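Report on the structure given below.
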Amino acid sequence: MMTLAGETEASLVFAVVTFFSTILTAGIKRKYDMTYQEKEDYFILTIKKQQVKVCYEDISHFQLGLQNIWLQDKTKPNQEFIGVNLALFKPEILIRTLTEMTINGQFPRVEGVYPDNSVYPDDPLRKKELTGFLIRHRYDYLIEDYIKQMKSQQV
């Protein structure tokens, strides 16, 4: 439109801005090529065309990061941790299932095996650790009943 109006300089500037914006968009899309789908029994995480399917019952351990939950799947041969980013995805079924499994005592603290910088040394089943993490990341609405139960036990 600027070329038709006789403004060659303005059209050149807009062309350069459009070019750089397109390059940046393509780069960001390529770097963060991730999808997350969850079902009642499993979730599928795709990172750069590599799909990982994890059944909730196969989770053997978890670690909490700043914006991630790192999970270990006992069926995978190398037992590497799989990271689910809470800032990019909303893994509500995963969080609900992980909380239920933690409350049922399926993830006790294993001293010396995994690096653990917990602020709750008196929490061998990691219930307070996970609850505090979920409250900090605004997922407390998924575990309201458990929070009420914890508060009633403290009184």
In whole angstrom, and with the biggest value first, how far do the Cα coordinates of the stretch 22-102 range along each principal axis? 45, 26, 23
Compute the long axis of helix 127-136 from its Cα atoms, compare it with the longest principal axis of the Cα atoms of the chain, and write down the angle in degrees, 0 to 90, nearest 10. 30 degrees
How far apart, in nanometres, would the label points at E7 and D140 be if each is projected 7 angstrom from Cα along the Cα-to-Cβ direction? 5.2 nm
Under the Karplus curve 6.51 cos²θ - 1.76 cosθ + 1.60, θ = phi - 60°, whole-Hz ³J(HN,Hα) for the stretch 92-108, x wherever Gly or Pro sits: 5, 5, 4, 5, 4, 5, 4, 5, 4, 5, 5, 4, 7, x, 7, 10, x
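Leaving ligands, DNA and RNA out of it, rank V52, V84, V16 by accessible area with a 1.4 Å probe, largest first.
Highest to lowest solvent-accessible surface, that is V16, V52, V84.
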Calculated Cα extents along the principal axes in Å (choose from (i) 56, 39, 28; (ii) 60, 39, 21; (iii) 76, 42, 31), label: (iii)
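Beyond 26 Å between alpha-carbons counts as too far, so tell me which of K48/K128; K76/K128; K39/K74; K29/K90; K29/K53; K29/K127 fall in that bin.
K48/K128; K76/K128; K29/K127
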Under a point-charge model restricted to the Cβ atoms of Lys and Arg (+1) and Asp and Glu (-1), what is the dipole moment magnitude of the stretch 9-155 relative to its Cα centre, in debye to the nearest 20? 340 debye
Helix 144-154 axis, angle to the chain major axis (alpha carbon atoms, nearest 10°): 40 degrees
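The values are calculated or read from the model by the stated rules, or taken from the named source; none is laboratory data. Since the structure is predicted, the reported quantities are computational estimates derived from the model, not experimental observations. A quick note on method: Cβ atoms are made from the backbone with ideal geometry, for glycine too, and the neighbour counts reach across all protein chains shown. Just so you know, the surface numbers come from the protein's heavy atoms only, side chains and all, with ligands and any DNA or RNA stripped out. Shrake-Rupley method; radii C 1.70, N 1.55, O 1.52, S 1.80 Å.
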